[in-house]
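Notes to accompany the following structure.
The values are calculated or read from the model by the stated rules, or taken from the named source; none is laboratory data. Quantities reported herein were computed from a predicted structural model and do not represent experimental measurements. Cβ: placed from backbone, ideal geometry, glycine included. Neighbour counts: every protein chain shown. SASA here: full protein model, heavy atoms, side chains in, ligands and nucleic acids out. Shrake-Rupley method; radii C 1.70, N 1.55, O 1.52, S 1.80 Å.
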Amino acid sequence: MQKFFIQGGQKLEGDIPVQGAKNSALPILSASLLCDGESVLENCPELSDVYSACRILTSAGCQCTMQERVVCVHADTLRNSEIPENLMREMRSSIIFLGAMLGRTGTCTLGYPGGCELGSRPIDWHLQALRKMGVRVREENGVLFCSALGGLHGAKIHLQFPSVGATENIMLAAVLAKGDTVITNAAREPEITDLANYLIRCGAKLTGAGTDTIRIQGVQKLHGCTYRIMPDRIVTATWLAAAAATGGNVRLLHTDLNSLEGILDVLEQMQCQCSCQADHICFSAAKPIHAVKYLKTMPYPGFPTDTQAIFMAALCTASGTSVMEETIFENRFRHVDALIRMGADIRTIGRVAVIRGVKQLHGACVSATDLRGGACMLIAGLGAQGQTSITDISHIDRGYDRPEILLQNLGAKIQRVSA
Ligand code: EPZ
């Protein structure tokens with residue numbers, strides 16, 4: 001069990017290299033299952049979720065190595081299409097291996113995925129879509145036996161909501177299926193485009209990623225390639241919000257400005273100074289930042305649900321009152337109690353949170369409730385007066401690559417301590 005101890009109140013100052021995107025790396029690792037030969041994935045962040053994905057690949061018989069944030073996968077030795085229960089429970093993205101495994105072998109046996117507790121998080125749309133593509137799904141004691149013995153075929157699939165995971169699973173199942181697949185009301189997140197770009201580089205015939213209609217023409221084979229994972233837009237937002245909460249002055253390097261829709265305009269409303277050039281952002285914030293009247297989480301290109309907790313931490317000490325509405329997950333305000341313990345003035349009514357800015361937060365003993373809730377605790381602790389200790393930081397390690405080293409380099413007083 002490890003903890004973070006933060007002595008808050010230091011302005012963050014300096015350069016921040018932005019890590020590769022977890023939510024791109026995970027589906028791309030799954031996609032590497034579909035390829036003959038070697039896939040070399042550069043800029044893979046060192047995260048527990050990435051290690052879990054590598055364990056799923058090796059348990060299936062693939063060879064998978066990671067060195068200096070480069071993952072090499074050989075899927076030619078794949079021999080097993082059963083994903084062990086313990087690996088399924090390690091993260092939500094384990095479900096993304098279903099489409100790829102079916103695409104490659106025609107069968108997959110797996111349990112329900114684990115991951116952050118943000119609500120019920122069903123997988124019904126994934127299974128409905130795969131059934132349309134010829135997959136038979138039988139469930140026994142929580143184990144799903146999925147098979148498409150005659151092979152998968154293309155289908156027209158309309159998603160009732162632009163689910164990121166369901167869109168990815170359909171893409172992964174469709175690239176080697178017989179015939180054409182059209183996904184309408186598809187998710188448009190930049191990570192979908194990154195997955196599509198990787199698949200296209202491997203020989204897939206796919207158009208429309210980044211729009212709400214994705215067309216895929218199945219091919220017989222895919223080949224491995226060298227691919228660089230895109231920069232993480234949620235991590236970019238996290239460090240910008242941390243700089244805002246401390247009145248800091250930072251430069252984010254190697255980020256992707258095009259993926260920051262729904263984020264940069266919020267920072268402008270907070271009266272922070274952002275100057276964007278090529279692949280970096282110069283950012284400064286004077287305390288107190290301004291409140292944001294109304295923020296509603298929406299699928300891309302709206303304000304991302306993954307940044308709701310992160311911005312809430314910064315808005316706790318803004319001048320004025322901010323209102324945030326969470327529309328994607330039913331249970332994504334679990335960080336609010338800890339913020340209140342640190343002196344924040346927040347009321348929640350259902351999926352709406354009203355945040356009245358206070359002058360200062362104070363340190364407290366808190367725990368990371370989930371990945372982004374944990375990032376929220378980090379930001380609150382960095383901006384607060386006094387010491388904050390954060391437990392359950394394994395949640396944070398699922399999405400942030402050694403955050404304490406990065407923050408120490410910016411002048412923060414933060415230590416990882418093993419209990
Ligand atoms: C992805 O989760 C991300 N995870 C999440 O990031 C992110 O919060 C989410 O998309 C929304 O942007 C990864 O990419 C690995 P969804 P995913 O399917 O795919 C409901 C983080 O912090 N739904 O778009 O699981 C679902 O319950 C993580 O990095 C169904 O009802 O999200 C939710 O309310 C957390 N049935 C909504 O749709 C289904 O079959 C959106 O979920 C599928 C989803």
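Okay, here's what the table says:
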| quantity | calculated |
| --- | --- |
| Residue that is nearest to the ligand (Cβ to nearest atom) [pool: residues in the stretch 83-101 that are of a type outside the set (A, V, I, L, M) and either open to solvent by less than 20 Å² (accessible area, probe 1.4 Å) or not assigned by TED's automatic domain parsing to the domain that holds F145 (or both)] | S94 |
| R104 part of a loop (DSSP other than H, G, I, E, B), over 27 Å from H395 (Cα atoms), open to solvent by 30 Å² or more (accessible area, probe 1.4 Å) and more than 16 Å from the ligand (Cβ to nearest atom) | no |
| Residue in the stretch 349-371 that is nearest to I390 (Cα to Cα), counting only those that are within 16 Å of the ligand (Cβ to nearest atom) and of a type outside the set (S, T, N, Q) | A368 |
| Strands (runs of 3 or more DSSP E) lying entirely in the stretch 135-221 (those with 2 or more residues that are more than 16 Å from the ligand (Cβ to nearest atom)) | 136-140, 143-147, 180-184, 205-207, 213-217 |
| Wholly enclosed strands (runs of 3 or more DSSP E) of the stretch 223-291 bearing at least 2 residues within 30 Å of C35 (Cβ to Cβ) | 226-228 |
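So that you can scan it fast, the table gives a plain yes or no per residue for (1) more than 13 Å from the ligand (Cβ to nearest atom); (2) more than 25 Å from I414 (Cβ to Cβ); (3) of a type in the set (F, W, Y):
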position	(1), (2), (3)
K3	yes, no, no
Q10	yes, no, no
P17	yes, no, no
S30	no, yes, no
E42	yes, yes, no
E46	yes, no, no
Y51	yes, no, yes
A60	yes, yes, no
